[in-house]
Amino acid sequence: MGGRIFHQTHWTPLLQMQGSISEVKLEVVHEGGAALPMVFNAIRREHEGEWVHDLAAFIARDRDKYERELVTSRKSLEALVVETTRLHAEAKDRALFAEQMIGIVSHDLRNPMSSIQMGVHLLAQSDPSPNQERVLTRIQRSAERATRLIADLLDFTQARVGKGLAIAPEEVDLHAVTAETVDELSAVYPDRPLRHERIGQGSCRADANRLQQMIGNLVSNAMVYGSSETPVTVTSSVDADSFSIAVHNEGAPIPLSVQAQLFQPLTRGTQAASPTRSVGLGLFIVSEIAKAHRGKAQVASTLEHGTTFTVVCPRGC
């Protein structure tokens with residue numbers, strides 16, 4: 001029936017208008033009842049006062065098989081695209097849910113950690129024995145590490161789920177902020193030499209708290225992965241248009257294949273075991289702080305010159 005309809009609505013009108021038809025595929029019913037795929041070419045001409053149609057017909061089983069395979073492949077591809085889109089949407093929803101949960105849990109953990117730190121502080125004032133003092137010191141350091149991890153997780157959630165890290169820029173003395181941070185970090189790492197170098201005048205516009213957080217993350221990274229026998233140097237620099245903070249350490253270089261991914265979350269420069277290494281959010285947060293200041297974080301690492309992480313930002317952020 002489909003072929004008959006096609007003949008009346010397409011075949012005959014086309015022959016009347018064009019005088020010929022090429023490569024029309026139809027299914028012809030064999031005398032045995034089976035459908036036979038055939039390709040027709042036709043010419044309409046006048047013969048002895050009558051219109052006749054000259055036909056050339058070809059059996060087209062191979063072509064028919066190929067066309068059916070194409071249709072089947074297209075349907076399979078369309079189904080695969082639909083399924084891939086669905087899985088992508090589900091994965092995106094799960095990732096968003098996980099990041100939101102990280103933020104919620106991290107936020108709720110701050111209160112018990114504050115209670116632990118306050119309890120340690122109160123116990124330290126009750127004249128503890130040397131052994132108790134060592135235990136309290138260990139608890140205090142563990143609580144501080146946990147607090148920093150919670151802060152990193154909250155920043156990670158804000159950066160990924162929100163619109164980036166929030167900053168409150170104001171006029172600050174970059175050298176003074178850096179010097180204060182280096183002084184505090186020297187107490188955290190009493191057995192490691194930590195130096196501060198200054199270049200240019202120190203005035204710039206930035207969020208001092210975020211700068212201190214950024215320096216702390218970079219120095220912590222240098223202390224964990226750098227050579228323990230050489231100093232870590234923090235350089236604060238200000239010129240006419242920009243300001244920068246660079247943290248340098250000696251030690252094994254970071255492989256080039258890893259450097260491009262260092263500022264991604266949950267990425268480390270080495271797989272070597274270390275009891276003090278973090279979950280891999282420190283450099284990601286450094287990069288986000290740089291972006292919040294309209295700047296950029298970068299790394300250079302060679303065996304000859306050591307490893308230097310540098311953040312460069314516009315001076316008038």
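The values are calculated or read from the model by the stated rules, or taken from the named source; none is laboratory data. Note that this is a predicted model, so its numbers are computed, not measured. Glycine gets a Cβ as well: all are built from the backbone with ideal geometry, and neighbour counts include every protein chain shown.
If the condition is being among the hydrophobic types (A, V, I, L, M, F, W, C) and crowded, with 20+ Cβ neighbours inside 10 Å, then segment 306-317 contributes F309, V311, C313. Filtering segment 292-305 to residues that are surrounded by 17 or more Cβ atoms within 10 Å (Cβ to Cβ) and either out of contact with any strand residue (DSSP E or B) (no Cβ under 6 Å at 6 or more places or on another chain) or farther than 17 Å from A246 by Cβ (or both) leaves only A292.
Scanning segment 274-310 for residues that are at pLDDT 90 or above and either among the charged types (D, E, K, R) or outside the structural domain of S244 (by TED's automatic domain parsing) (or both) yields E288, K291, R294, K296, E304. On inspection, A143 qualifies as more than 30 Å from G295 (Cα to Cα), outside the structural domain of D239 (by TED's automatic domain parsing) and surrounded by 13 or more Cβ atoms within 10 Å (Cβ to Cβ). Note on segment 11-39: residues that are surrounded by 11 or more Cβ atoms within 10 Å (Cβ to Cβ) and assigned to a strand (DSSP E or B) amount to 13. Just to check your reading of the model, which residue among H196, H175 is touching a strand residue (DSSP E or B) at 6+ places or on another chain (Cβ under 6 Å), part of a strand (DSSP E or B) and in contact (Cβ under 8 Å) with a residue 12 or more places away in the chain? After applying the criteria, what remains is H196. Residue count for segment 4-27 satisfying the condition of being closer than 18 Å to R68 by Cα and either at pLDDT below 85 or of a type outside the set (A, V, I, L, M, F, W, C) (or both): 4. Considering only residues in segment 28-82 that are at pLDDT 90 or above and of a type in the set (F, W, Y), the one that is farthest from P13 (Cα to Cα) turns out to be F58.
Screening I167 with (1) on the phi < 0 side of the Ramachandran plot; (2) out of contact with any strand residue (DSSP E or B) (no Cβ under 9 Å at 6 or more places or on another chain) gives one miss only, at (2).
Just a yes or no: is a residue in segment 40-48 in contact with a helix residue (DSSP H, G or I) (Cβ under 7 Å, 6 or more places away or on another chain), in a strand (DSSP E or B) and surrounded by 10 or more Cβ atoms within 10 Å (Cβ to Cβ)? Yes, segment 40-48 contains a residue that is in contact with a helix residue (DSSP H, G or I) (Cβ under 7 Å, 6 or more places away or on another chain), in a strand (DSSP E or B) and surrounded by 10 or more Cβ atoms within 10 Å (Cβ to Cβ).
The condition of being modelled with pLDDT of 95 or more and surrounded by 17 or more Cβ atoms within 10 Å (Cβ to Cβ) does not hold for T157.
For segment 50-72, a tally of residues being among the aromatic types (F, W, Y) and in a strand (DSSP E or B) returns 2. Residues that are modelled with pLDDT of 85 or more and under 25 Å from the mean Cα position of the chain (by Cα) within segment 160-189 comprise just one, I167. So, L211, is that one farther than 17 Å from V224 by Cα, among the hydrophobic types (A, V, I, L, M, F, W, C) and in a helix (DSSP H, G or I) or not? Judged against the criteria, L211 is a match.
Looking at segment 192-201, can you tell me whether even one residue there is assigned by TED's automatic domain parsing to the domain that holds T308, over 26 Å from N249 (Cβ atoms) and at pLDDT below 95? Yes, segment 192-201 has at least one match.
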